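Colleague: Before anything else, here's the structure in question.
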Amino acid sequence: QVQLVESGGGLVQPGGSLRLSCAASGSLFSIYYTGWYRQAPGKQRELVAVIIRGGSINYADSVKGRFTISRDDAKNTVYLQMNSLKTEDTAVYYCNQNRGGTNYWGQGTQVTVSS
């Protein structure tokens, strides 16, 4: 059974930083990509950043230059470093992983950017 457990969310002031973690269970074999999505109240879930097996990385235009996705294969963990946070970054952030063609989701972690 694949499990993705997110952590690191919280309340931060505009301009602040947070680091989200996504700890994955099971073997890394057959993982195609791991990504971070977010969903704000009343809005559709959107892709924030994704790291693909070969190392390619893509970001949403809204977070380029502020967010960084990375992975530590030894820990089976993917991170999302979020800097210069804005109020519009407020959302529930979800980890998503594709293994062998099947998508898996974490339970989500709340990020609130507010003064």
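Colleague: Output the residues belonging to the stretch 71-115 that are open to solvent by 40 Å² or more (accessible area, probe 1.4 Å), part of a strand (DSSP E or B) and charged (D, E, K, R).
Modeller: R71, D72
Colleague: I would also like to ask the following. Applying the selection to the stretch 4-25, what residues are part of a loop (DSSP other than H, G, I, E, B) and in contact (Cβ under 8 Å) with a residue 60 or more places away in the chain?
Modeller: Hits for the stretch 4-25 are G8, G9, Q13, P14, G15, G16, S17.
Colleague: For the stretch 38-64, which residues satisfy the criterion of being assigned to a strand (DSSP E or B) and open to solvent by 50 Å² or more (accessible area, probe 1.4 Å)? First the steps, then the outcome.
Modeller: Narrowing the stretch 38-64 to residues assigned to a strand (DSSP E or B): 38-39, 46-52, 57-59.
Within the stretch 38-64, Q39, E46, L47, I57, N58, Y59 qualify.
Colleague: Quick check on T112: is it in contact with a Pro (Cβ under 9 Å, 6 or more places away or on another chain) and either basic (K, R) or touching a residue at least 24 places away in the same chain (Cβ under 8 Å) (or both)?
Modeller: No.
Colleague: Another question, if that's okay. Evaluate the following for L80: is it without any contact (Cβ under 8 Å) to a residue 60 or more places away in the chain and under 12 Å from the mean Cα position of the chain (by Cα)?
Modeller: No.
The values are calculated or read from the model by the stated rules, or taken from the named source; none is laboratory data. Here the structure is a predicted model, which is why all the values come from computation and not from measurement. Please note: Cβ atoms are built from the backbone with ideal geometry, for glycine as well, and neighbour counts cover all protein chains shown. Only protein heavy atoms, including side chains, enter the accessible area calculation; ligands, DNA and RNA are left aside. Shrake-Rupley method; radii C 1.70, N 1.55, O 1.52, S 1.80 Å.
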